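Here's the structure we're looking at; comments come further down.
Rule-based calculations on the coordinates, nothing more; no lab input. Quick caveat: nothing in here was measured; it's all calculated off a predicted structure. All Cβ positions, glycine included, derive from the backbone under ideal geometry; neighbour counts span all protein chains shown.
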Amino acid sequence: DSIYPPAEEGMWEESFGGHTDPKPRGPAAVAMDVTYDGASTIYGLAEHASSMALQNTVKGGKYSDPYRLYNLDVFEYELDETMALYGAIPLITAHSDRGSVSSFWLNSAETFIDVADGSRGKVAHWISESGTIDLFVMLGENPKAVAKEYALLTGFQALPQEFSLGYHQCRWNYKDEADVKQVDAGFDTHDIPYDTLWLDIEHTDGKKYFTWDKSLFPNPVQMQEGLKAKGRKMVTIIDPHIKRDNGYHVHKDAEAQGLYVKDGSGSKPYEGWCWPGSVSYLDFFNPNTLQYWADKFSFDQYEGSTDILYTWNDMNEPSVFNGPEVTMKKQALHYGDVEHRDVH
């Protein structure tokens, strides 16, 4: 028998910004203090609009709030702040006369990090909303050595294709094929080198990915061949939210095969609002979704694609315009009955 009183309906609910998180599985958290012995400064937690050298957040520190890790599609973010942005990299590195050390907090739930001065060096207090404590500590003679250990753990960056390092031309939005041709020719006229031209969402048929607006982009292969003849590439946008349109083949497939993230009940797809209007979100924790999505990029399935067409993968926070903090509700369910709060 539990020594705690039975949970009452709604007792764990938390409301903010017009949204309610029911926390159906109750509250949870994991935390740990990490002392960087002998270090007067610690660095890291990239994807914050602040200095690489982490500032104190307690005891009269520069910041009054901890560094937050929680991927968000933030419009007009604030500078010199600890607020969360588009990505979360839970890595801190310290260096002293004895060498370098990095700590990697492997937890994908919402996480806060307080930074303070301790009696033996800088201290970071990590706390995550859920999950387990999975901390990796890497030691080396210098920052380069521990960076290599970190890469051995997480994987090395793939060598980028040469064209990806050149100048890319992109804006929202080139209105049609004639516009693309004119912009491309303009670079030649003014003798400005560039490698790649990008198309945003308006090139699609009603904001349905893997499609083309047949009135504005009726000959996508011919358009790409014109760029290819000059040694150039094209990039089109593909987002993980799928328009809920029964005439759209990707949506029909996802519904029929159960490829969407579910709502908190687990009985139906999670629905939100994004560029196409009403959308659902592909669940990439489902291995069937991974295979289905990979297949969509093949030439025979992505109509109008060629060997010089590449992908711009956007809105992956995930961005939900009508969701809490413009993202997905934490009680949404992924493959394996995993709450979104655990993997965000």
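Once you've got the GNM for the chain with C-alpha springs shorter than 10 Å, pick whichever of 33, 134, 73 has the biggest mean-square fluctuation. The residue with the greatest mean-square fluctuation here is 134. Listed by chain and number, the aspartates and glutamates placed with their C-alpha closer than 14 angstrom to that of residue 59 are 114, 117; residues fewer than eight positions away on the same chain are left out. Using the Stokes-Einstein relation with a Kirkwood hydrodynamic radius computed over Cα pairs, the translational diffusion coefficient of the stretch 1-109 at 10 °C and a viscosity of 1.306 mPa s comes to 94 µm²/s.
Partner lysines whose Cα lies under 30 Å from the Cα of residue 144, excluding those fewer than 8 positions away in the same chain, are identified as 62, 122.
Go through 167-175, 102-110, 239-247 and give me the packing order, highest mean Cβ count within 10 Å leading. Show your work: numbers first, answer last.
Details: 167-175: 14.1, 102-110: 20.9, 239-247: 18.8.
Listed from highest to lowest mean packing, they are 102-110, 239-247, 167-175.
Ranked by the mean number of other Cβ atoms within 10 Å of their residues, highest first, the peptides 15-22, 185-192, 80-87, 197-204 come out as 197-204, 80-87, 15-22, 185-192.
Give the calculated FRET efficiency between residue 214 and residue 338 to the nearest 0.05, with a Förster radius of 35 Å applied to their Cβ-Cβ distance.
Numbers: r = 40 Å, r/R0 = 1.14.
The pair residue 214/residue 338 has a calculated efficiency of 0.30.
Label reach from residue 41 (point 7 Å along Cα→C-beta): in the stretch 86-107, amide nitrogens under 18 Å belong to 92-103. Estimate the FRET efficiency between residue 21 and residue 117 by the formula 1/(1 + (r/R0)^6), using the beta-carbon distance for r and 30 Å for R0, to the nearest 0.05. That gives a FRET efficiency of 0.30. Computed over the stretch 200-294, the percent of Cα pairs more than 16 Å apart is 60.
Over 19 Å between Cα atoms: which of 230/296; 181/214; 243/296; 181/208; 214/252 fall into that group? Could the numbers behind the result be given before it?
Numbers: 230/296 27 Å; 181/214 17 Å; 243/296 16 Å; 181/208 23 Å; 214/252 21 Å.
In this structure, 230/296; 181/208; 214/252 exceed 19 Å between Cα atoms.
With the Cα gyration tensor of the chain in hand, convert its eigenvalues to equivalent ellipsoid semi-axes via √(5λ) and list them largest first in whole Å. Please list the in-between numbers first.
Numbers: eigenvalues 322, 174, 61 Å².
They are 40, 29, 17 Å, listed largest first.
Mean sequence separation of contacting Cα pairs (under 8 Å, at least six apart), scaled by the length of the chain, corresponds to a relative contact order of 15 percent.
Could you calculate the contour length gain from residue 11 to residue 56, that is, 0.36 nm times the residue separation minus the distance between their Cα atoms, to one decimal place in nm?
Working: separation 45, 0.36 × 45 = 16.20 nm, distance 3.42 nm.
This chain segment gains 12.8 nm when fully extended.
Our coupling estimate for the stretch 115-128, obtained by passing each phi through the Karplus curve with A = 6.51, B = -1.76, C = 1.60 and θ = phi - 60°, is 10, 8, 8, x, 5, 10, x, 5, 10, 10, 9, 9, 9, 10 Hz, Gly and Pro reported as x.
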